[in-house]
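Student: Next up is a structure, given as structure tokens.
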Amino acid sequence: SQQGEEDPQALSIQEGENATMNCSYKTSINNLQWYRQNSGRGLVHLILIRSNEREKHSGRLRVTLDTSKKSSSLLITASRAADTASYFCATGRNSGNTPLVFGKGTRLSVIA
Amino acid sequence: GAVVSQHPSWVICKSGTSVKIECRSLDFQATTMFWYRQFPKQSLMLMATSNEGSKATYEQGVEKDKFLINHASLTLSTLTVTSAHPEDSSFYICSAPRGQPYGYTFGSGTRLTVV
């Protein structure tokens, strides 16, 4: 079952602007991950943040996690046309052998 | 490393026929494989979990007799869509957990179109 919502469902920005996507989840988690999916393609793992972490950076990506609100955000700075894709958050439970549960995703369009 | 090879990447089949999708772990042993389905502009929904040498576990609403899963070896899990119908047209993707700190490895997905 779906963990929760992501917002916005779709986001259109100009190249160079920042893009912020939010994700909420319902149950307790061990970690939260963000993935990118280009149209009709497989998933690309972007970043993982553990439940005891509050913020993490990777290049132009910044992820925050607020376990008290059961929410996370993904910020892409200085966006590029190549960032156009769908972005999903996925939550993992305590055991590494449990499946990831994906949010509904945000479709990001970066206009050159 | 840690590659899951998924084939075919796309397939078009006629209604009523069966289609087999394979996921192979190339450089590690996958005792567990998760199978997801994704309809256009939607998210990934877990269909089933396969474990090597045992029966698959299906999510609520997924017909086990329609979506046959076999995980006969530590490197191969297959999903067979039997008697496919147009409503089965979707993107199917497998994922193998690798434990901490490796996370999950995904196949590249299979686009199934039933005509």
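The values are calculated or read from the model by the stated rules, or taken from the named source; none is laboratory data. Computed from a predicted structure; not experimentally measured. Cβ placement follows ideal geometry from the backbone for every residue including glycine, while neighbour counts extend to all protein chains displayed.
Student: Hey, among the residues in segment B:62-115 that are away from chain A (no Cβ under 14 Å) and either buried (at least 22 other Cβ atoms within 10 Å of the Cβ) or touching a Phe, Trp or Tyr at 6+ places or on another chain (Cβ under 7 Å) (or both), which one's modelled with the lowest pLDDT?
Tutor: B:K64
Student: Can you go through B:T17, B:T49, B:T57, B:T31 and tell me which one is away from chain A (no Cβ under 13 Å) and hydroxyl-bearing (S, T, Y)?
Tutor: B:T17
Student: While we're here: Restricted to segment A:85-112, and to residues that are surrounded by 19 or more Cβ atoms within 10 Å (Cβ to Cβ) and β-branched (V, I, T), which residue is farthest from the other protein chains (Cβ to nearest Cβ)?
Tutor: Filtering segment A:85-112 for residues that are surrounded by 19 or more Cβ atoms within 10 Å (Cβ to Cβ) and β-branched (V, I, T), the one farthest from the other protein chains (Cβ to nearest Cβ) comes out as A:V110.
For every residue, the table says whether it meets (1) over 14 Å from the mean Cα position of the chain (by Cα); (2) in contact (Cβ under 8 Å) with a residue 40 or more places away in the chain; (3) not in a strand (DSSP E or B).
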site: A:C23; (1), (2), (3): no, yes, no
site: A:K26; (1), (2), (3): yes, yes, yes
site: A:W34; (1), (2), (3): no, yes, no
site: A:G40; (1), (2), (3): yes, no, yes
site: A:I47; (1), (2), (3): no, no, no
site: A:R62; (1), (2), (3): no, no, no
site: A:L74; (1), (2), (3): no, yes, no
site: A:A78; (1), (2), (3): yes, yes, yes
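Student: Still on this structure, I have one more. Looking for something in contact with a Leu (Cβ under 7 Å, 6 or more places away or on another chain) and surrounded by fewer than 18 Cβ atoms within 10 Å (Cβ to Cβ) - is there at least one such residue anywhere in segment A:29-50?
Tutor: Kept after step one, since they are in contact with a Leu (Cβ under 7 Å, 6 or more places away or on another chain), are these residues of segment A:29-50: A:31-37, A:46-47, A:49.
Applying the additional criterion that residues be surrounded by fewer than 18 Cβ atoms within 10 Å (Cβ to Cβ) yields A:47.
Yes, segment A:29-50 contains at least one residue that is in contact with a Leu (Cβ under 7 Å, 6 or more places away or on another chain) and surrounded by fewer than 18 Cβ atoms within 10 Å (Cβ to Cβ).
Student: Could you tell me whether B:T113 is touching a strand residue (DSSP E or B) at 6+ places or on another chain (Cβ under 8 Å), more than 19 Å from A:G42 (Cα to Cα) and of a type in the set (V, I, T)? Spell out the reasoning first.
Tutor: Numbers: touching a strand residue (DSSP E or B) at 6+ places or on another chain (Cβ under 8 Å): yes; more than 19 Å from A:G42 (Cα to Cα): no; of a type in the set (V, I, T): yes.
Spelling it out, it is not the case that B:T113 is touching a strand residue (DSSP E or B) at 6+ places or on another chain (Cβ under 8 Å), more than 19 Å from A:G42 (Cα to Cα) and of a type in the set (V, I, T).
Student: Would you check which residues across segment B:31-46 are under 13 Å from the mean Cα position of the chain (by Cα) and either part of a loop (DSSP other than H, G, I, E, B) or in contact (Cβ under 8 Å) with a residue 40 or more places away in the chain (or both) and list them?
Tutor: So in segment B:31-46, the residues under 13 Å from the mean Cα position of the chain (by Cα) come out as B:32-38, B:44-46.
Passing the criteria: B:T32, B:M33, B:F34, B:W35, B:Y36, B:R37, B:Q38, B:L44.
Student: Please give the number of the condition A:S68 fails out of (1) farther than 28 Å from B:W35 by Cβ; (2) within 13 Å of chain B (Cβ to nearest Cβ).
Tutor: (2)
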